[in-house]
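This report refers to the structure that appears directly beneath it.
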Amino acid sequence: MSLQARRALPAALAFACLLAVGASRADTDPVPPPSPVQHAIALIDAGQFKSADADITKALAEPGLPAGTRDELLFQRERMRRILIDFTLDAEAAKARIRKQVPDLSDAEFTRWDRQGLLEHMVIDGRTLYFKRAPNNLFLLSKEAASRRSKPSPSNDDPMETLNEHHRAARAEALATHRTSVTPNHVRVTETVTVNADAVPAGETIRAWLPFPRELPGQQEQVRLVDSQPSGANVAPASTMQRTAYLEKKAEAGKPTTFAVTYELTIYAQYHEIDANKVVAPKLTTELKPFVEERAPHIVFTDDLRAFSRKIVGNEKNPYRIAQKLFAAVDQIPWAGAREYSTISNLSDYTLHAGHGDCGQQTMLLITLLRLNGIPARWQSGWIFSDGKYNNIHDWGQLYLAPYGWVPMDVTFGQLHPGTGDDPALQWFYLGGLDAYRIAFNSDFSQPFVPPKQHFRSETVDSQRGELEWRGGNLYFDQWDYDFTWQLLPVPERTGG
């Protein structure tokens, strides 16, 4: 049985058991049947697309269907379409991709790796389809597979994932000045989004939301819009949790439609010298309470998550040491390229079972585990860069440690490895610290835009690439592309304290 089939089975079984229990206890303590949306989600996660589509059609025909339920059902139909965009390879196509790097790959070898869960796939209506990034992910998940490559793959890691002078300087300055915001960078960034020619009819207006930096005192400040194409970008209020710059432009026949936004800001590295013996359980104020609670669909305290937490945490009671244990455990989950988040019904559960995850999946799992243990945790995400050529979209988070307050965490960058002469405390730089080579667009996930989007979002969790639509519907990621360019500039004088 495939990894995806094993993951989908509990949901399908739970649904079946729920119906059985509801029938057997109908006269005493009836259990309400799942909603049409829950039913569709269970079927889709189990790979039963035809049944899901038929049930969605039937539910949509019901009189008096609430508008919200109708939208949710239509999105489940859209989710199936998106899954089929991500899962495009049959077994022979997957083998052909792997053979580009392992020319003498045998069928038996492929089957063995597949059975080990190293090749992500779904069985959809009886047909096994592999994730389009699974052949490349294989070499990230298996040392054996990586050793079989005919040519080693060049590293494409962020320079900040390896302990370097920036980390050392940030910690040294924080300790010397007793400040937690240090070693700033000032950067000018341009993001360009290009919609494919004729993606919408000529003359139709395309609406675009490009991510824009939040004002976060002590983390990133002096945010300034420099320019936009077309001009007149409408920047969302500073309080917007997923902040964007909004633009409109009419499509022209046979020509791509381009949007761009340029901005500047100052970014500070952060470092907190945390003494575990001073950390106490937080007082759950009205402001903190939401950050220890479940938030479906992606932050749910499932039985499997509770069992995993018990295994990792053991009898530890100190919040910081619990955080270290959970951080180290999630850090051990290998990074791999991810399918689109909008296709996944529960990110933290997916990451717990899949055996791999990208930055957002790892972060969501850690946030959920921290909250389960009474430690407030929340989301941040945006874009990362270097003073060289590297750049990427990225997710990380924050946790609350009394008496220190909110401090950063980046479990994907994980534990650093101090060299000879380095302070061992640098190992935990990214549990309480952050580099000055990242821009936060978002301080929460799945939050509304300003102005609001009218159609389904391409990314239902994050906001890093942008979103586009026209009156005919959403423009999905296969209809446009994006690019970032940047320039480090002299750091202006700090205006705050």
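Just so it is clear, none of the values below were taken in a lab; they were calculated from the coordinates. The model shown is predicted, which means the values in this text are computed figures rather than measured ones. A quick note on method: Cβ atoms are made from the backbone with ideal geometry, for glycine too, and the neighbour counts reach across all protein chains shown.
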- Task: Rounded to the nearest 0.05, what FRET efficiency do E294 and W406 give with R0 = 22 Å and r taken as the Cβ-Cβ distance? Could you check?
- Result: 0.65
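Starting from 0.36 nm per residue, how many nanometres of slack lie between D481 and Q447 once their C-alpha separation is accounted for?
Working: separation 34, 0.36 × 34 = 12.24 nm, distance 2.25 nm.
My answer for the length gained is 10.0 nm.
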- Query: Separation between the D71 and L84 pseudo-spin-labels, each 7 Å from Cα along Cα→Cβ, expressed in nm?
  - Reply: 2.5
- Once label points are set 7 Å from the Cα along Cα→Cβ at both Q116 and N315, what is their separation, rounded to one decimal in nm? 3.7
- Given Cα pairs under 8 Å that are at least 6 residues apart, what percent is the relative contact order of the chain? 17
- Cross-link partners of K250 among lysines (Cα-Cα below 26 Å; sequence separation of 8 or more within a chain): K453
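Looking at the chain, do any whole DSSP H helices span at least 30 angstrom along their long axis by alpha carbon and average -1.0 or above on Kyte-Doolittle, and which? Could you put the intermediate results ahead of the total?
On the way: long enough: 3-24 (32 Å, 1.25).
Helix filter hits for the chain: 3-24.
For every helix of n ≥ 4 consecutive DSSP H residues, a contribution of -39,500 (n - 2.57) applies; sum these over the chain, divide by its total residues, and give [θ] at 222 nm rounded to the nearest 500 deg cm²/dmol.
Numbers: 13 runs with 154 residues, N = 497.
That comes out to -9500 deg cm²/dmol.
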- Task: Measure out, as a whole number of angstrom, how far apart the alpha-carbon centroids of segment 425-497 and segment 300-316 sit.
- Result: 31
- Item | Straight-distance crosslink candidates among lysines, where the alpha carbon sits under 27 Å from K283 and sequence neighbours closer than 8 are dropped | K311, K317, K325
- Query: Residues in segment 408-433 near a label at R168, defined as backbone nitrogen under 14 Å from the 7 Å Cα→Cβ point?
  - Reply: 417-427
- Message: Between R494 and S106, how high is the FRET efficiency from 1/(1 + (r/R0)^6) when r is the Cβ-Cβ distance and R₀ = 60 Å? Nearest 0.05.
- Response: 0.50
- Query: So for the pair E215, A197, with labels modelled 7 Å out along Cα→Cβ, what separation do we get in nm?
  - Reply: 4.3
